[in-house]
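The values are calculated or read from the model by the stated rules, or taken from the named source; none is laboratory data. Quick caveat: nothing in here was measured; it's all calculated off a predicted structure. Using ideal geometry, Cβ is built from the backbone for each residue, glycine included, and neighbour counts are taken over all protein chains shown. Surface areas here come from the heavy atoms of the whole protein model, side chains and all, with no ligands, DNA or RNA. Shrake-Rupley method; radii C 1.70, N 1.55, O 1.52, S 1.80 Å.
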Amino acid sequence: MRVVRAICERELWGYLRTPMGYGVMLTVLLIDGILFNVWAIGDGHRRSAEALEVFFFVASGPTVVASVLLAMHLIADERQRGTLIILETAPLSGWQIVGGKFLAALTILGIIHLLSITMPALIYAYGRVSIMHIVMGYLGLTLLGAATLAIALCASAFAQTSLIAAITGGALVVVLVCLHGVAQLASPPMDSVLSYLSLIHEHYRPFMRGVLSIRAMAFYISLTLLALLVAARRMEWRT
């Protein structure tokens, strides 16, 4: 764990000593704030629980985009600059490298979510919503962000440049998001399979409504671990 923590701290410092980390955080918070006022609050006629549900829905988009941006450079950029050889020649496993980098990006995403809590806090203060609705919403947002981070990190492990990593990771995420729409055109049992594999629609909606879904948690955790496993195996190829 000390090795993973050291890599995590190294990546965190990389985010915080450059404009990228702050830029992503500020941009996501700004977009969240705009969407919160335009869609969640709107004309002020929505019920509190409905406004909170809409907030978590609109917050999923910036979270997904931020996850791709945070993860795209983690491995591809080091490969492009030639610094990846330092990690590859060190006595480190693929899991240690990938795990440390993933935790660093997830920490930045967690900071973004922590700073955005002022928006649902306003709904809680002036409306009638439960604390658990807010907790479940952020749990779903974190699980969605973690899965997207892992997918984008996996793309970064295979890409030669950050740009290719961003395009590949973004394309994979878009495909998974759009699977629900494709499922509407498919015939049984393929429609159920495609709907289950959809990244947002089926699995994220319970959390938006403040409902804990074990099935959705299992999906996001499994997808995250699978993507990290592939990335770790790619790192162990040492190429």
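Couple of notes before you dig in:
- Here r is the Cβ-Cβ distance between Val3 and Arg81 and R0 is 22 Å; the resulting FRET efficiency, rounded to 0.05, is 0.50.
- Taking the longest Cα principal axis of the chain as reference, the axis of helix 48-71 is set at about 10 degrees.
- Rounded accessible area of His180 (nearest 10 Å², 1.4 Å probe): 40 Å²
- In the assembled protein chains, Cys178 presents an accessible area of approximately 70 Å² (probe radius 1.4 Å).
- Difference of contour (0.36 nm per residue) and Cα-Cα distance, Ile167 to Met190: 5.5 nm
- The simple spin-label model puts a point 7 Å past each Cα toward its Cβ; for Ala125 and Arg215 those points are separated by 3.8 nm.
- For the chain, the longest principal axis of the Cα atoms and the long axis of helix 94-116 meet at an angle of about 30 degrees.
- Surface accessible to a 1.4 Å probe, per residue, for the residues of the chain, Å²: 49 Å²
- Solvent exposure ordering (accessible area, 1.4 Å, most first) of Tyr124, Tyr196, Tyr138: Tyr124, Tyr196, Tyr138
- Here the stretch 100-239 is treated with +1 on each Lys and Arg Cβ and -1 on each Asp and Glu Cβ, and its dipole about the Cα centre works out to around 180 debye.
- Centre-to-centre separation between the Cα atoms of the stretch 143-210 and those of the stretch 2-65: 18 Å.
- Whole-percent carbon and sulfur share, accessible surface of the stretch 2-236, 1.4 Å: 71 percent
- Contact order, relative form, for the stretch 1-124: 45 percent (alpha carbon pairs under 8 Å, 6 or more residues apart, mean separation divided by residue count).
- For the chain, modelled as a GNM whose springs connect Cα atoms under 10 angstrom apart, the maximal fluctuation among Met20, Met136, Met72 occurs at Met20.
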